Amino acid sequence: MKNNGWVKKFRSFVFENKVMLLFVVLTTASIIISGLPLTVIAGSVFERFGRNGFLVLALLVPVLAGLGLNFGLVIGAMAGQIGLFFAILAGINGIPGMLVSTLIATPLAMLFGWMVGRLFNRMKGAEMIAGLILGFFADGFYQLFFLFVLGGVIPITHEGLMLPGGIGVKNMIDLKGYRMPLNDGSGGETVKGFIEGAFDKLPIGDLITAITIAVIVYLLVRGVMVMMKKSTFGLRDLALGIAAAVSFSLLQIPAIKQLLKINNLNFLTTLTIVLIVIAVWQMARLVYAFILHKREGTEKTDVEAKSPSDVLSQSPDQKFLQKSDSRRSLLILLLCAVIYGLTYIPPIRTIMRFIRIPVFTYMLIAGVCYFTRWLLRTRIGQNMRTVGHSQVIANASGINVDRTRVIAMMISTVLACWGQLIFLQSLGTVATYTQHVQVAQFSIAALLVGGATVQKATTKNAIIGIFLFHSLFVVAPEAGKQLFNDSQIGEHFRVFISYGVIALALAMHAWKAKIKPNLGISAVTGKNDKDNSKIAESS
Amino acid sequence: MEQPLILSMENISKEYFGNRVLNQVSLQVRPGEIHALMGENGAGKSTLMNILFGMPVIHSTGGFDGTIKIAGEEVKISNPNEAMHLGIGMVHQEFMLIPDFTVTENIKVGRETGQPTLLSESLGKSLEIMDWESMSADARRALDLIGMNIDDYARIAGMPIGYKQFVEIAREIDKKGIRLLVFDEPTAVLTESEAANLLDIMRRIANRGIAIIFITHRLDEVMQVSDQVTILRDGELVAIKEIKDTSVVEIAELMIGRKVDKLVDQCEDTRTLSDDAIALELKDYEVDMPGEAVRGIDIKIREGEIIGFGGLAGQGKIGIGNGIMGLYESRGEVKVFGQTLDLEKLGEALRHDIAFVSEDRRGAGLLLGESIERNVIFSALQIHNRFTSRIGFIRVLNRSESKAHTQEMIELLDIRCTGSQQKTGSLSGGNQQKVCLARALTMNPRILIVAEPTRGIDIGAKKLVLEHLLRLNREQNITIVIISSELVELRSLCDRIAIITEGKINTILKPDDSDADFGLAMSGLKKEMVTK
């Protein structure tokens, strides 16, 4: 019996994750065939994760709201490129350059997202195909804008950016900036518009300073709220305050300041830091649970006196929860220890030392993950889930379906715009007319490889998917060269794969939907309504 | 002193494109009572409820006449949300539940309680964090109120149907200020014990002062729990009765009521029906048609007979015709003139000279974008290769033959059209029905199955279609099976009428049996059970 159950479970696991498993096999085989050293592969996969992570995560919200995979990502990416162009044109460097790009691009992305959302509301059920075609359509406008409007309508003089005739933008924008004469008459030159690596190469010290300032601002706002008697200070505020004070004072020590000038960590260090943080956090939870447990033990007699039935119905649950919570914490601690132990195995250690982690970019990706989860806990998130499951029910429950869908599209488009900016600052050049074209396709393929479907996608799917998909991307040309003596075949192979994955996932979705009949679409009174409407329609 | 009425709908009239579906109907509900609302399909119950809930169907078709008062105050309800705010709730027949959500999530859908946060204070309520703890406590309370012992964190998917119904009820009860609950055929999908349980719960809810409108076809349940009953027929108010002053038989009679004596003028009957000449025989016949499942039918239909299948929507009568034609999967034995049909093969019935006029004229009956001619010859062309001529080894359409035949049919059935090339989509309902009939006749059938022959067509056309069916039977000796929700129609034409309830034959009646017999049969009661 038990054995049978396991077989069944295993089978359903394989069935549910067939796309992902297929890719694990494919990727492993390609890695072996390509003969590339793992250090090289791991290094470039982690680099690509930093570049693409944000874009893939931008897909999650529309899936949640039942809009399917957002092929409209392309439009967000266009907004990002428009913002970046103007920041470079203005000759702003580094972080301020990125901020200006974001400031220009975000309102544009919001507007585009709103329009796309409105359009999708008019063609419910065909959002994906609409998004795909819309991407091609918008590309036309994009080209008109960059080829003619810039320079042709809006006068622009910038030798580096514009085509020789002065109308239209060159098909390559260099984020390493352009040499410009100084205005002070000295005849010297300076580089303007240097944005490459603005996020990737942000020194850690600056980052910590910025976070500390953000925390202080947050605490000030909280303080104002407390004074307005809208809230009270809690334990969390205290902890944040202490952390901010400690980090601020530590930063004043010159040695530490010097140390934190580096802008990236290797994976080994990152992992160690993350493990330590998790371990400390879980220990704190354990201690907290222990204190709570003791306190409750003393209170218990009171509760029992009040009403025996209450205790019966609730207390075992609570106790169970706490016990499993503590057990989970212990398990996580153990896992941390094991993982840390694994890093001492020599080959793993070498590979990990080769991987560079751009700290700020990875933090931003973690931020989107957190944002998506946070959104799920809010009212708008719950509304999105309801709309995603059944528009009929959402409507009947007084949820504004169309508005919810538009908001989901706006969030996705804005995230796509930011994601494209992060991608570009990491890459260092912009192919003006082609950079955005395949953004949606590759992001969607990555998400699907991670086991997501048209109806369900999680941050976990996104992260696994990016690693698998981009591993294959990295090794495919070399594997093609080894197998067929032609790296071009590997190139073709990866394009084929990305389309293939999307087609496969969509076909499987259609197949699944056919098996599972949809929820009733009838209005208030079900069947009889149909008769009425038929009468109405034919007479 | 009379208690004030919780709901009073007065002189409600409603037209759909000139078709009057409600005429001066009133409905009065006292607080804390269970008020049964009864009537056949098409009597206007659903329309009345749609008006009460302000459904868009009503307002997009020109609104309605009459007044609605809630607790003595006149109100205007222009959308379901407003109805909800007035304390009116509905327990749907097809559940409005999300399978992937938990019980609590379903109960609270659209009405979640939130905890304010820093962001929600400044950017609006939609950024509040959901307070699941207090919500599951609310859900628990509502579930306890109806005595339901399910976990509030269980998922809906995989629950038995009875439980889902209780979750629906719990959701309505949890709404603030609920005063009136509408139960739309709540027991139709439940097993017997579940249904009994549900009636208990309804009583319990009513005892808390919440009024209930109970829409059902089951007379015994009405007698069991209701205080009052309002009966509608053809959009008219027939009677309002206190349950204690009435009987099952009386309600059944009131529901059916003979409207017109005969729809069709009799013509000479020279047929001899014999039990030896059986045209169609069904044995243990089952059809898996969603919503109209047939669950075991045995009947012998004599050659030359007109037999009717009647009964309420959803009971399975529609499934019979669709099953025989092979449109849905079926099991059992079907014999046509002694030959057994291979139920696996599509088109088998057509090859055995059975023709079918579908109830779904626009969906399964007609190629709306094609001409009358194509529609008329289509089946015969496909099955018998008629209207074709050979050129070498290729068969091509014989245009002149098909045109001549269509012209003949147009004259025979009096199809009003601009010519045989007119698109069927642009014809009126009655004429579309005639085209369907013409196609069936082109097959030269020996058995003709007609489902809902007069649905959605006006009274004049109705008479023509029915008379023509009668003539076909009398003159050409075609055996006819009529499946219809309109009893009058069946009683005007048929030799025997089988009433289908829950996928089985309840009773076979003669057209001149009493109204009460028909009423009782349609509510799923057997005669013996009532007299007992």
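Observations
- Here, the protein assembly as shown is characterised by an Rg to Rh ratio of 1.04, where Rg is the alpha-carbon radius of gyration and Rh the Kirkwood radius.
- Cα-centre dipole for the protein assembly as shown with unit charges at Cβ (Lys and Arg positive, Asp and Glu negative), debye to 20: 3920
- q = 0.09, 0.10 Å⁻¹: log10 I(q)/I(0) that the Debye formula gives for the range B:1-131, counting C-alpha atoms only: -0.39, -0.47
- Those residues of the range A:329-367 whose amide nitrogen sits under 13 Å from the label point placed on residue A:278, 7 Å along Cα→Cβ: A:329-343
- What the Cα convex hull of the range A:392-434 gives, in volume per residue, is 86 Å³.
- Value of Rg/Rh across the range B:444-498 [Cα atoms, Kirkwood radius]: 0.93
- 37 °C / 0.692 mPa s Stokes-Einstein diffusion coefficient of chain B, Kirkwood radius on C-alpha pairs, µm²/s: 127
- Length-normalised contact order for the range A:170-251 - Cα pairs under 8 Å, 6+ apart - percent: 21
- Mean projected area of the convex hull spanned by the Cα atoms of chain A, taken over all viewing directions: 38.7 nm².
- Distance between the C-alpha centres of the range A:448-498 and the range B:413-484: 60 Å, rounded to the whole angstrom.
- Legend: ranking of residues B:276, B:288 from fewest to most surrounding C-beta atoms inside 10 Å; resulting order B:276, B:288.
- Divided by 2.2 N^0.38 Å, where N counts the residues, the Cα radius of gyration of the range B:363-444 comes to 1.06.
- Euclidean distance between Cα centres, the range B:199-221 to the range B:309-369, Å: 38
- Taken as Cα centroids, the range B:372-400 and the range A:183-236 sit 80 Å apart, rounded to the nearest whole angstrom.
- Basic side chains Lys and Arg get +1 at the Cβ, acidic Asp and Glu get -1 at the Cβ, and with that the dipole of chain B about its Cα centre reaches some 1240 debye.
- Residue mean of other protein chain beta carbons inside 10 Å, B:126-138: 3
- Percent of beta bridges antiparallel (DSSP, the protein assembly as shown, rounded to nearest 5): 65
- Between residue A:170 and residue A:495, the FRET efficiency from the beta-carbon distance, with R0 = 22 Å, is close to 0.30.
- Alpha-carbon Debye profile of the range B:112-241, log10 I(q)/I(0) at 0.11, 0.14, 0.20 Å⁻¹: -0.52, -0.74, -1.18
- With the simple model of a label 7 Å out from the Cα in the direction of the Cβ, residue B:300 to residue A:258 spans 11.0 nm.
- Spin-label pair residue B:200-residue B:118: with each label point 7 Å from Cα along the Cα-Cβ axis, the two points sit 5.3 nm from one another.
- Counting only alpha carbon atoms, the long axis of helix B:132-145 and the longest principal axis of chain B meet at about 70°.
- Column: log10 I(q)/I(0), Debye, Cα scatterers of the range B:99-164, q = 0.20, 0.22, 0.26, 0.29 Å⁻¹: -0.79, -0.89, -1.09, -1.24
- Ranking of A:374, A:6 by count of other Cβ atoms within 10 Å, fewest first: A:6, A:374
- Amide H to amide H distances under 5 Å link residue B:504 with B:295, where only residues 5 or more positions off or on other chains count and H is placed in the peptide plane.
- A:102, B:406 arranged by Cβ crowding within 10 Å, fewest neighbours leading: A:102, B:406
- Between 0 and 90°, nearest 10: helix B:459-476 axis offset from chain B longest Cα axis: 40
- Cβ-derived FRET efficiency at R0 45 Å, residue A:349 paired with residue A:239, nearest 0.05: 0.85
- Shown is the FRET efficiency for residue A:427 and residue A:487, computed with R0 = 22 Å from the Cβ-Cβ distance and rounded to the nearest 0.05: 0.60.
- Sparsely packed loop sites in the range A:89-198 (the GluC sites (Glu not before Pro) outside DSSP H, G, I, E and B with at most 13 other Cβ atoms within 10 Å) comprise A:159.
- Note: relative contact order over chain B, using C-alpha pairs below 8 Å and six or more positions apart, is 15 percent.
- Chain B: angle of helix B:161-174 to the longest principal axis, Cα-based, in degrees nearest 10: 40
- Selection from A:371, A:388, B:312 lying farthest towards where the dipole of the protein assembly as shown points positive, charges on Cβ: A:371
FYI, it's all coordinate maths here, none of it is from the lab. Only a predicted model underlies this, so the values are computations on that prediction, with no experimental measurement involved. Note: ideal-geometry Cβ built from the backbone for every residue, glycine included; neighbour counts use all protein chains shown.
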